[in-house]
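These notes are about the structure you will find just below.
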Amino acid sequence: MPTYSKSKNNKDGKRDFLIISTYAMAGIGAASVAWPLIDQMNPAADTLALASTEVDLSSLEEGQAITVTWRGKPVFVRHRTPEEIKLAKEVSLDEMRHPETDEERVPNEKFIVLVGVCTHLGCVPLGQKSGDVKGQYGGWFCPCHGSHYDHSGRIRKGPAPTNLEVPSYKFLSDNIIKIG
Amino acid sequence: MSKSKFKNPVVKWIDHRLPVFSFMDHELNHYPTPKNLNYFWNFGSLAGFALVAMIVTGIVLSMNYTAHVDYAFDSVERIMRDVNHGWLIRYIHMNGASFFFIVVYIHIFRGLYYGSYKAPRELLWILGVLILLLMMATAFMGYVLPWGQMSFWGATVITNLFSAIPLVGENIVTWLWGGFSVDNSTLNRFFSLHFVLPFVIVGVVILHLVALHRFGSNNPIGIDVKGTQDTVPFSPYYTIKDLFGLSVFLSFFAAAVFFFPNFMGHPDNYIEANPMVTPAHIVPEWYFLPFYAILRAIPDKLGGVLFMFGAIAVLFILPWLDRSSVRSSQFRPIYKIFFWILLLDCILLGYLGAMPAEGIYVILSRIATAYYFFHFLILFPLLPYIEKTKPLPISISEPILGGGSTASAFAVREKK
């Protein structure tokens, strides 16, 4: 450090002030130039404005499932059977990694709607097609790293940290939902 | 001022004003190099060759590639079928990545065996680890560009690693993607970064070489050069040896490019990316498999990610983890055994990374991961306290020319 910064001389105090404020201004300036360059990588307005998706469930029979696209991701819709609903409601929350009741996750108990992306590392779990492996709990199974989800899309076994995400959606009529 | 060593008047004129010729003469011609280097010292220059080959083929590939989700896959197929010599250029680039990693991994294990990371070469080693990290980022993004199924799902899985970060993880992943899934924005930025990062690597390689030439190469005995009797000029001795090594390397490389170009790839990447269907078995490129095995060995998302990055992080601090003052394994009888165990452990991790994450493979991955960290975090610091090292030779010349009975006396001094 230069010796003048330690001096009690008035002039040198002014010099310290000038140096510190110059650095501060340069720092603020650099940060405000950097921010647009960093933030341009976040989703653009057109990506954010991606239309919501409407799905007609009237042709979906009990036990059947369909996959629709929303924001570039698969969304699972499954028409659950009474046994599946019963299993999803009766299971104790104590044995779950991410405890949530079936009622919290499925407003209309017949139709379960989930973002079909494993919460571990983003693979699409199996279980939508009739021949698929559904895992030990009968819901969905992620083949990438072996996560098992139950009839409510809750993580029961494997590396995934949380339950399958429930997208925001509402019933426009008895059989039509709007996702997003 | 000494007289110029150049006869050519143009060279002399330029060199007086811009001493590039003096610099090259000093660093590539006269540069004193230990005379006992074995063939494991070829892999640095081979890595340099691979980097240049990747940049040259990459630039011409970019002239024919389209970074858009609707055209990327087709533009790569067009390169393979219609562009003049496109198949050759792409196969060189594709296999070049694998061969680049092969020579770099051998280069790294050479450093581990002969203790090349020890004082005063710590920064040389750290710059090398930085190059490895940059190579991994570049290779990962390059693999995404053909927009096949493995490209897409590899990108999805690897970018999702960042979602394990507490609080801001999801925001970081969205920022990396530029959307809510791997999509066109992601492909565009990966292309941009895949193009520019190799030039960043060139910059770090230059620093790596500056640090190397500060103290010169380490050598198989691992003791310092004592004088000119221990060295030979770089040219012609090592320029010729490097060129011979290069011709052997190119024989293997050409064999791969012409006879089994897809051996190290994955057939699923010849299926166009489909965001709705995950392939049954996702595997990264072979050079990431050991790290992938570590990721899957830990039954916790954040833990797995931390251990995976930790496997590289321990390399950065290795010069301070290893407490032994003896560089070369030739004089460390116990460490030498553990070195080979570490090499086998890494190969085992690579194998396990390619296997499904179930049953015995999970258990073996955990054992192999535990050994990896045991080796770096426990063995390196503690082994010097129990290991009795062999006496070091007096000089590099001594083991060749014979040093007589004074050898051991000097060796004792050497150890202090």
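The values are calculated or read from the model by the stated rules, or taken from the named source; none is laboratory data. On a predicted model such as this, the values are computed, not experimentally measured, just so you know. Backbone-built Cβ (ideal geometry, glycine too); neighbour counts: all protein chains shown.
So the values come out like this:
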{"quantity": "Filter pass, B:Thr156 being in contact with a Leu (Cβ under 6 Å, 6 or more places away or on another chain) and closer than 21 Å to B:Ala67 by Cα", "calculated": "no"}
{"quantity": "The one condition in (1) at pLDDT 95 or above; (2) surrounded by 15 or more Cβ atoms within 10 Å (Cβ to Cβ); (3) within 13 Å of another protein chain (Cβ to nearest Cβ) that B:Ser192 fails to fulfil", "calculated": "(2)"}
{"quantity": "Count of the range B:293-305 residues which are more than 15 Å from A:Cys144 (Cα to Cα) and either facing another protein chain (nearest Cβ under 9 Å) or free of Cβ contacts under 8 Å to residues at least 24 places away in the same chain (or both)", "calculated": "2"}
{"quantity": "Which listed residue, of B:Gly245, B:Gly265, is assigned by TED's automatic domain parsing to the domain that holds B:Ser151, touching a residue at least 60 places away in the same chain (Cβ under 8 Å), closer than 20 Å to B:Tyr143 by Cα and not aromatic (Phe, Trp, Tyr)", "calculated": "B:Gly265"}
{"quantity": "Index of the failed condition, B:Gly203 passing every other in (1) within 14 Å of chain A (Cβ to nearest Cβ); (2) without any contact (Cβ under 8 Å) to a residue 24 or more places away in the chain", "calculated": "(1)"}
{"quantity": "Single unsatisfied condition, B:Pro275 versus (1) in contact with a Gly (Cβ under 8 Å, 6 or more places away or on another chain); (2) more than 14 Å from every other protein chain (Cβ to nearest Cβ); (3) outside any helix (DSSP H, G or I)", "calculated": "(2)"}
{"quantity": "Condition check for B:Ser217: more than 9 Å from every other protein chain (Cβ to nearest Cβ), within 30 Å of B:Asn42 (Cα to Cα) and of a type in the set (Ser, Thr, Tyr)", "calculated": "yes"}
{"quantity": "Residue in the range B:159-169 that is assigned by TED's automatic domain parsing to the domain that holds B:Val69, at pLDDT below 95, of a type in the set (A, V, I, L, M) and under 26 Å from the mean Cα position of the chain (by Cα) present", "calculated": "yes"}
{"quantity": "Filter result (of a type in the set (Val, Ile, Thr) and either more than 7 Å from every other protein chain (Cβ to nearest Cβ) or over 14 Å from B:Thr278 (Cα atoms) (or both)) within the range B:152-185", "calculated": "B:Ile158, B:Thr159, B:Ile165, B:Val168, B:Ile172, B:Val173, B:Thr174, B:Val182"}
{"quantity": "The range A:149-180 - residue that is crowded, with 20+ Cβ neighbours inside 10 Å and within 12 Å of another protein chain (Cβ to nearest Cβ) and, of those, farthest from the chain's Cα centre (by Cα)", "calculated": "A:Gly158"}
